[in-house]
Structures are given as C-alpha cells and as structure tokens.
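*Asks:* The structure follows.
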Amino acid sequence: MTDATTDVLQDEPAAAEVTRSETVYEGRVWNIRRDEVVYGDETIVREYMDHTGAVAILALDDDDRVLLIKQYRHPVRVRDWEIPAGLLDVAEEDALPAAQRELAEEADLVASEWNVLAEFYTTPGGSDEAIRVYLARGLSAAPEAFARSAEEADIEVRWAPLDEVVDAVLDRRLQNPSLVVGAMAAHASRARDWRTLAPADAPWPRRSRPIGEPEA
C-alpha cells in the first residue's frame, strides 16, 4: 500500500500492459472479455464485462421535480425507480444525441437545456461500463409518443421533488445507481447554484470503448 498526497483529489489514469485479450463469451448486448495483464512483478488474469457504456437523464421541471420511471429489472427481480437511460449501442453516436433520444423514447419528453451533471463507472472491478448523467431542463412533450415493449411496456411514471428523491436515497428505499448518482449530484449542484455543471458536449475521455475494441 502506498500513501500519496496530491494537490487535486482525482482518479489516476493508468494502463497496465495487456499481453493477451480474448472474448470468452458473446452476449446479445455485451460480451465477457479475459485479459492477461502485467502488473508489478506478476501477470494477472482478469475477466470483465465488455460494455457499450450508457447515458442517463435527470429531467428536472420548473418546480424542481424529478421525472422517475419504474420498470422491471430481471437480474435483481425488482421493479425499481430509475431515471431515463439507454445504451450507447449505435455506432459512432455521440452521447448527447443518445440522451436526447432516450428521453423522448422512454418519457415522451424533449428538453431545451442540457448539461453534463455527473459521470461514473458502474462496477470498475468487473465491467468497463461508464455512464454519463445529463441534467435536462426546459421540458416539453415530444411531438409523438413512442410504442414500448418488453420491460418498457408497463413503465410507471412519477414526478417527485428532488429533496424527496434524495431522502429516499439516503433511507435506502431507492437503489438504482444512475438515479442515486444523478439525484445526489443534482442536489449538491443546486446548492452551489449549478456551478458544477459542464457543457452538454464536454469531452468524455472515460467513455467505454466500443465492444471488441482492444486497449490502445
């Protein structure tokens, strides 16, 4: 263990040498990759989800209410409250248009004001998935409603005050990670007069690599 002090508290980019990389399972949406990595004086093997990455949208109306959607999530057997989100699985698509598309498709809404609110890795020990959370304001109805199927067919919609959402997160009643990160970031940013927001087209160097693309 090392003890380092730096001027700015931040994650440190690092790239260990990958001596072998292979896809050991190809799934419908994402794959499982196995890498042999030289780290320190040894070679280690790590398997992880090779993920597309995703965007999520915290839509906030003029009364500081957050748009929540409830839908079934099979791996955890829960109908959880979430914010609109979607995979970055369209080739060459930028994150902002993807977020705008997801807000329209999942919530039948468009927004006139977009900012980057937060970014995070969902499971850095087992997946390379990175999510960018946008703050969307200036909301209005989309020109047309979208047809939904599968888990999205019975989506439930609720508008909840931001403070109520934060209370529910702190009370552990809401546990979807994009909602948790987005709500807490919005609550903190609002207290700082939104000075922490970034432009909607801000660079995103930590975005997930396309599936199957090797480490540079």
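The values are calculated or read from the model by the stated rules, or taken from the named source; none is laboratory data. Keep in mind that this is a model prediction, so the values were computed, not measured. Here the Cβ positions follow ideal geometry from the backbone for every residue, glycine too, while neighbour counts run over all protein chains shown. When the accessible area is computed, the model is the full protein with side chains, heavy atoms only, and any ligands, DNA or RNA have been set aside. Shrake-Rupley method; radii C 1.70, N 1.55, O 1.52, S 1.80 Å.
*Asks:* Condition check: open to solvent by 90 Å² or more (accessible area, probe 1.4 Å) and of a type in the set (A, V, I, L, M, F, W, C). Does Ala54 satisfy that? Walk me through how you get there before you give the answer.
*Replies:* On the way: open to solvent by 90 Å² or more (accessible area, probe 1.4 Å): no; of a type in the set (A, V, I, L, M, F, W, C): yes.
In short, no.
*Asks:* For the condition more than 20 Å from the chain's Cα centre (by Cα) and among the acidic types (Asp, Glu), what is the one hit in Asp50, Asp80, Asp11, Asp64? Please lay out each step first, then the result.
*Replies:* On the way: Asp50 fails: more than 20 Å from the chain's Cα centre (by Cα); Asp80 fails: more than 20 Å from the chain's Cα centre (by Cα); Asp11 fails: more than 20 Å from the chain's Cα centre (by Cα).
Only one candidate passes the filter, namely Asp64.
*Asks:* Here is a further query. Considering only the stretch 31-47, state which residues are farther than 15 Å from Ala15 by Cβ, in contact with a Lys or Arg (Cβ under 6 Å, 6 or more places away or on another chain) and open to solvent by less than 80 Å² (accessible area, probe 1.4 Å).
*Replies:* Those that are farther than 15 Å from Ala15 by Cβ, in contact with a Lys or Arg (Cβ under 6 Å, 6 or more places away or on another chain) and open to solvent by less than 80 Å² (accessible area, probe 1.4 Å): none in the stretch 31-47.
*Asks:* Just for the stretch 163-182: of the residues that are closer than 19 Å to Ala130 by Cβ and assigned to a helix (DSSP H, G or I), which one is most open to solvent (accessible area, probe 1.4 Å)? Before you say what the answer is, go through the steps one by one.
*Replies:* Going through the stretch 163-182, the residues closer than 19 Å to Ala130 by Cβ turn out to be 176-182.
The next check asks that each one be assigned to a helix (DSSP H, G or I); those that pass are 177-182.
Values: Pro177: 69, Ser178: 11, Leu179: 0, Val180: 40, Val181: 46, Gly182: 0 Å².
Here the answer is Pro177.
*Asks:* Let me ask you something else. Could you list all residues from the stretch 102-120 that are at negative phi and outside any helix (DSSP H, G or I)?
*Replies:* Leu109, Val110, Ala111, Ser112, Glu113, Trp114, Asn115, Val116, Leu117, Ala118, Glu119, Phe120, listed by residue number.
*Asks:* Can you say whether Val8 is loosely packed, with under 13 Cβ neighbours inside 10 Å and touching a strand residue (DSSP E or B) at 6+ places or on another chain (Cβ under 7 Å), as far as the supplied structure shows?
*Replies:* Numbers: loosely packed, with under 13 Cβ neighbours inside 10 Å: yes; touching a strand residue (DSSP E or B) at 6+ places or on another chain (Cβ under 7 Å): no.
Considered against the rule, which asks whether it is loosely packed, with under 13 Cβ neighbours inside 10 Å and touching a strand residue (DSSP E or B) at 6+ places or on another chain (Cβ under 7 Å), Val8 comes out as no.
*Asks:* Turning to a different aspect of this structure: Would you say Glu93 is surrounded by fewer than 14 Cβ atoms within 10 Å (Cβ to Cβ) and under 16 Å from the mean Cα position of the chain (by Cα)?
*Replies:* Numbers: surrounded by fewer than 14 Cβ atoms within 10 Å (Cβ to Cβ): yes; under 16 Å from the mean Cα position of the chain (by Cα): yes.
For Glu93, the condition - surrounded by fewer than 14 Cβ atoms within 10 Å (Cβ to Cβ) and under 16 Å from the mean Cα position of the chain (by Cα) - is met.
*Asks:* Then there's this: Can you tell me which residue within the stretch 11-20, out of those that are of a type outside the set (Asp, Glu) and closer than 19 Å to Tyr121 by Cβ, is least open to solvent (accessible area, probe 1.4 Å)? Please lay out each step first, then the result.
*Replies:* Filtering the stretch 11-20 for residues of a type outside the set (Asp, Glu) gives 13-16, 18-20.
Adding the requirement that they be closer than 19 Å to Tyr121 by Cβ leaves 13-16, 18.
Working: Pro13: 118, Ala14: 94, Ala15: 80, Ala16: 39, Val18: 55 Å².
Among them, the one singled out is Ala16.
*Asks:* Could you list, in sequence order, the residues of the stretch 112-135 that are open to solvent by less than 20 Å² (accessible area, probe 1.4 Å) and either more than 24 Å from Asp193 (Cα to Cα) or of a type in the set (D, E, K, R) (or both)?
*Replies:* The answer is Ser127, Ala130, Arg132.
*Asks:* Just to verify a result, which residue in the stretch 65-90, among those that are among the charged types (D, E, K, R) and open to solvent by less than 50 Å² (accessible area, probe 1.4 Å), is nearest to Pro205 (Cα to Cα)?
*Replies:* So in the stretch 65-90, the residues among the charged types (D, E, K, R) come out as 65, 70, 73, 77, 79-80, 82, 89.
Going one step further and asking which of them are open to solvent by less than 50 Å² (accessible area, probe 1.4 Å), we end up with 70, 80, 82.
Working: Lys70: 31, Asp80: 30, Glu82: 25 Å.
Among residues in the stretch 65-90 that are among the charged types (D, E, K, R) and open to solvent by less than 50 Å² (accessible area, probe 1.4 Å), the one nearest to Pro205 (Cα to Cα) is Glu82.
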